[in-house]
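Enquirer: Take this structure first; my questions come after.
The values are calculated or read from the model by the stated rules, or taken from the named source; none is laboratory data. Here the structure is a predicted model, which is why all the values come from computation and not from measurement. Note that we place each Cβ from the backbone using ideal geometry, even for glycine, and neighbour counts take in every protein chain shown.
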Amino acid sequence: MASLTSNKPIFMTILVATMVLQCSATGHVVGDNDGWRNPRYPEFYAEWASLHTFNVGDTLYFNFVNETHDVAEVPQEAYDKCHTKDAKIIIKSGPGAVNLTNTGAHHYISTHKGDCETHQKVAIYVHPWKRLV
């Protein structure tokens, strides 16, 4: 049986690697200073998303006032048609946070009447863990 002392280097390596991964996560405020609201122009959230790189472990923060907006993660078809069919999550109280745990495309809309139709929606692509090199 291996002694605790002989396992210490392995334990320390795992601990440091975990800390590096946690420290490399980024928080993204959707819409930056504008927050999550009816956009100033239709391409606002698409432009915002194009300026950011999203990785597994990052967090999206949706800043909005309760009862004025919400956030639902939906499949692309629901995103395109502005409906909540098969919504994965719905956050009703702001500010809301979504941890990005899976790679691939993610689509978010506000389900309040008229919000999505006025382009209060954002699509992002989540990449695997980023490496600190």
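Enquirer: Looking for whichever is in contact with a Lys or Arg (Cβ under 9 Å, 6 or more places away or on another chain), among the β-branched types (Val, Ile, Thr) and more than 12 Å from residue 109 (Cα to Cα) here; the options are 59, 68. Which one fits?
Expert: Numbers: 59 fails: in contact with a Lys or Arg (Cβ under 9 Å, 6 or more places away or on another chain).
Step by step, each of 59, 68 is checked, and only 68 is in contact with a Lys or Arg (Cβ under 9 Å, 6 or more places away or on another chain), among the β-branched types (Val, Ile, Thr) and more than 12 Å from residue 109 (Cα to Cα).
Enquirer: Tally up the residues in segment 68-107 that are more than 19 Å from residue 46 (Cα to Cα), touching a residue at least 12 places away in the same chain (Cβ under 8 Å), out of contact with any Ser or Thr (no Cβ under 7 Å at 6 or more places or on another chain) and not hydrophobic (A, V, I, L, M, F, W, C), please.
Expert: Summing the residues that are more than 19 Å from residue 46 (Cα to Cα), touching a residue at least 12 places away in the same chain (Cβ under 8 Å), out of contact with any Ser or Thr (no Cβ under 7 Å at 6 or more places or on another chain) and not hydrophobic (A, V, I, L, M, F, W, C) in segment 68-107 gives 10.
Enquirer: Tell me, please, whether a residue that is surrounded by fewer than 16 Cβ atoms within 10 Å (Cβ to Cβ), over 19 Å from residue 53 (Cα atoms) and either at pLDDT 95 or above or of a type in the set (Asp, Glu) (or both) can be found in segment 90-110. Steps first, answer last, please.
Expert: As a first pass, look at segment 90-110 and keep what is surrounded by fewer than 16 Cβ atoms within 10 Å (Cβ to Cβ): 90, 92-93, 97, 99, 101-105.
Still in the list and also over 19 Å from residue 53 (Cα atoms): 90, 92-93.
Narrowing the set further to residues that are either at pLDDT 95 or above or of a type in the set (Asp, Glu) (or both) leaves none.
Among the residues of segment 90-110, not one is surrounded by fewer than 16 Cβ atoms within 10 Å (Cβ to Cβ), over 19 Å from residue 53 (Cα atoms) and either at pLDDT 95 or above or of a type in the set (Asp, Glu) (or both), which makes the answer no.
Enquirer: Yes or no: residue 103 in contact with a Phe, Trp or Tyr (Cβ under 9 Å, 6 or more places away or on another chain) and more than 19 Å from residue 31 (Cα to Cα)? Spell out how you get there, then give the answer.
Expert: Numbers: in contact with a Phe, Trp or Tyr (Cβ under 9 Å, 6 or more places away or on another chain): yes; more than 19 Å from residue 31 (Cα to Cα): yes.
The answer is yes for residue 103.
Enquirer: Consider residue 110 against the criteria (1) closer than 21 Å to residue 57 by Cα; (2) touching a residue at least 60 places away in the same chain (Cβ under 8 Å): it satisfies all of them except one. Which criterion is unmet?
Expert: Exception for residue 110: condition (1).
Enquirer: Now a separate question. Evaluate the following for residue 47: is it among the acidic types (Asp, Glu) and modelled with pLDDT of 95 or more? Steps first, please.
Expert: Details: among the acidic types (Asp, Glu): yes; modelled with pLDDT of 95 or more: yes.
Answer is yes for this residue.
Enquirer: Which of the residues belonging to segment 52-71 are surrounded by fewer than 21 Cβ atoms within 10 Å (Cβ to Cβ) and either of a type in the set (Lys, Arg) or within 21 Å of residue 129 (Cβ to Cβ) (or both)?
Expert: Within segment 52-71, 52, 53, 54, 55, 56, 57, 59, 61 meet the criteria.
Enquirer: Right, residue 35: closer than 22 Å to residue 126 by Cβ, surrounded by fewer than 11 Cβ atoms within 10 Å (Cβ to Cβ) and modelled with pLDDT of 50 or more or not?
Expert: Numbers: closer than 22 Å to residue 126 by Cβ: yes; surrounded by fewer than 11 Cβ atoms within 10 Å (Cβ to Cβ): no; modelled with pLDDT of 50 or more: yes.
Here the answer is no, as residue 35 does not meet what is asked.
Enquirer: Something else now. For segment 91-133, give me each residue that is out of contact with any helix residue (DSSP H, G or I) (no Cβ under 8 Å at 6 or more places or on another chain) and small (Gly, Ala, Ser).
Expert: Once the filter is applied, which keeps residues that are out of contact with any helix residue (DSSP H, G or I) (no Cβ under 8 Å at 6 or more places or on another chain) and small (Gly, Ala, Ser), segment 91-133 yields 93, 94, 96, 97, 104, 114.
Enquirer: Further question on the same structure: I need the full set of residues from segment 113-133 which are surrounded by 11 or more Cβ atoms within 10 Å (Cβ to Cβ) and farther than 17 Å from residue 44 by Cβ, in order please.
Expert: Correct list: 125, 126, 127, 129, 130.
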